[in-house]
Amino acid sequence: MPEILFFIFAAVAVGGAVGVVVSRSPVASLLFMVATLASTAGIFVLLEAHFLAAIQILVYAGAIMVLFLFVIMLLNLGHDYQRDIRGNVAMIIGFAVTGGIGGLLARQLGGGTAGLETNLGAGDAIDAALREYGAVGAIARPLFTDYVVAFELTGLLLLVAIVGAIALAKKAS
Amino acid sequence: MAPPASPYPWLVTDVNTPIAGIPLLVATSIKITVMFGVVMLTVAYTTLAERRISAFIQDRLGPNRVGPFGLLQPIADGLKNLVKEEALPGTASKLYFMLGPMLAMGPALVLFAVIPFAAPLPTPWGVVDMIIADVPIGILYILALSSLGVYGIVIGGWASNNKYAFLGALRASAQMVSYEVALGLSVIVVLMLAGGVTLTEIVWRQQQLGLWFALPLSLGFILFVISAFAETNRLPFDMPEAESELITGFHTEYSAMKFSMFFIAEYAHMLTASALMATLFFGGWDLPGSWDDAFWYQGELIRGFDASGLPVAAAPAVWKTLLTFAGFAAKTGFFLLLYIWVRWTVPRFRYDQVMELGWKVMLPTALAYIMVVATTILVLDELGVSGLAHGLALTAVSAICTVAFVFFLDRGRIIKGAAARHHAVAPEPSAVERETMVGEGATIND
């Protein structure tokens, strides 16, 4: 059952990602993006990372994408089907980068998943943490103990970004 | 501890083992089917209640012709919407126009899955939890999926290609994103006091504390109710469909079953929000007294802990399940009634007032309140205060916060109506002005 679900979610995620790029209406792109995010959240659930899945939906699909939609509609981009800046040079660069990433992935996966599994040897520790602290605690504990400096700095970075956005939006007068 | 006597003596199975295997599958299927039916019926009859109660408030009769007391009215409405002709605007984007109601209704109907609605039910095959899916993320599941409901409204309003529908959609997206923040923050105090995110855990903590969280977290409850009203687009926050400004906002172009789907989504959201208010702040299915307490603790269904800290086994019973379900239904029903009551009592906000309330009042208040509650809990824990005293101390602190909040929010101290603003700016008319005003036939008190 999880295998079947995995392939359904994976197919929707990849199909949605392709849809984001090829669809000509920004609103369709956005909805494809939401589908991709939602199926990635589904894969997170299959990996028993429930908290990540919830945050993925809550923050990305439920808030950030809604803001994107808001902006797309406010600028009235929704009904436009014109080609934008995709020139030949941009296309060549795009294909080159995609091909490069694909090649790297193929090389990594071509060697089998044995290497990945040894790297994920911490799985038992994660299971223990999930049992002891629950879905939220298992993530919250390391965030607020081992990685608290990095975590708080990230928060500070976001705050700076917000202040910067307001400073830019305010008319100099 | 001695296990309680089994209500099914002919069975070897201990009553306190959870149901598993095929019976679990069957039980879950039954629960899903029954709860889906219950949700849909409640939605249908909430619409009737809304119409009858609004009629009562406005001194009318309301729909009372179909069946006794108009009780068959929702069925007649449903049938009418099924057989009615669907209007599709010529300029609408057809695909998105169809997608809108689906995206609105889907998330609204799956929300109820994580809400516990009664005490565990003992069956010959094991104890059945009266919750469809006790997922480890509990309340986050509800917050996540309810945040997806806005897509239906926005896509539907945008696809209609109608300026009123479009304005409604824009308002909906801005309002729901704004109040989601306040809603999430008002839930955080509950999670801090409960020490967990699943709703079963939250109910259990309220049973153990001996107080429903509405008392120790009174301001959190007020913030939650306000944000939940805004999230469900109900008056006084029904900006996306403000009739006097936008015809009916995002669903202006919708008719028949598609309109009905938006309607079902709105009422299902209301039902979920009411059930959440009952669960987070009024003990969920818990009834006063510890006779009904039940929680899975290290694989055993327990009722609490004795003086030496040993778990006391719970004694689940069918009558307890039925009684607690009645309690849960009564609490949820009360909050549904509150929704209707407020709708026909309070006038609509202006749009700028909604945004101001959300960002300048709700958000800072919720943040400050989280700090206060966190500090209080930390101090109480350091002092070693536990049990009922812990709850009562928190109740006192929260009461002070609530009184301060209500004081500052009252009578135009922060949010002013247009009339109040005018009065604040306009100077007192002089005697001469008074004379002219009277001379022109105007009264000063206009």
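FYI, it's all coordinate maths here, none of it is from the lab. All values derive from a computational prediction rather than experimental measurement. All Cβ positions, glycine included, derive from the backbone under ideal geometry; neighbour counts span all protein chains shown.
Points to keep in mind about this one:
- Calculated P(r) of the protein assembly as shown - Cα pairs past 44 Å, %: 28 percent
- Ordering B:LEU380, B:ILE131, B:ALA228 by the projection of their Cα atoms onto the charge dipole of the protein assembly as shown, which places +1 on the Cβ of Lys and Arg and -1 on the Cβ of Asp and Glu, puts B:ALA228 at the extreme positive end.
- For region B:68-215, radius of gyration divided by Kirkwood radius, i.e. Rg to Rh on alpha-carbons: 1.09
- Computed from point charges on the beta carbon alone (+1 for Lys and Arg, -1 for Asp and Glu), the dipole magnitude for chain B about its Cα centre is near 660 Debye.
- Over 41 Å [Cα-Cα, chain B], rounded percent: 27 percent
- Applying a DSSP loop filter and a limit of 16 other Cβ atoms within 10 Å to the chymotrypsin sites (Phe, Trp or Tyr not before Pro) in region A:1-73 leaves nothing.
- Per residue, chain B reaches -20000 deg cm²/dmol at 222 nm when only DSSP H runs of four or more residues are counted, each adding -39500 (n - 2.57).
- Qualifying trypsin sites (Lys or Arg not before Pro) in region B:45-86, DSSP loop, other Cβ atoms within 10 Å at most 16: B:ARG60, B:ARG65, B:LYS84
- Region B:45-99: GluC sites (Glu not before Pro) falling in loop per DSSP and having at most 15 other Cβ within 10 Å: B:GLU85, B:GLU86
- Span-rule helices in chain B, defined as complete DSSP H runs reaching 27 Å or more along the axis (Cα) with Kyte mean at least 1.6: B:139-159, B:363-383, B:388-409
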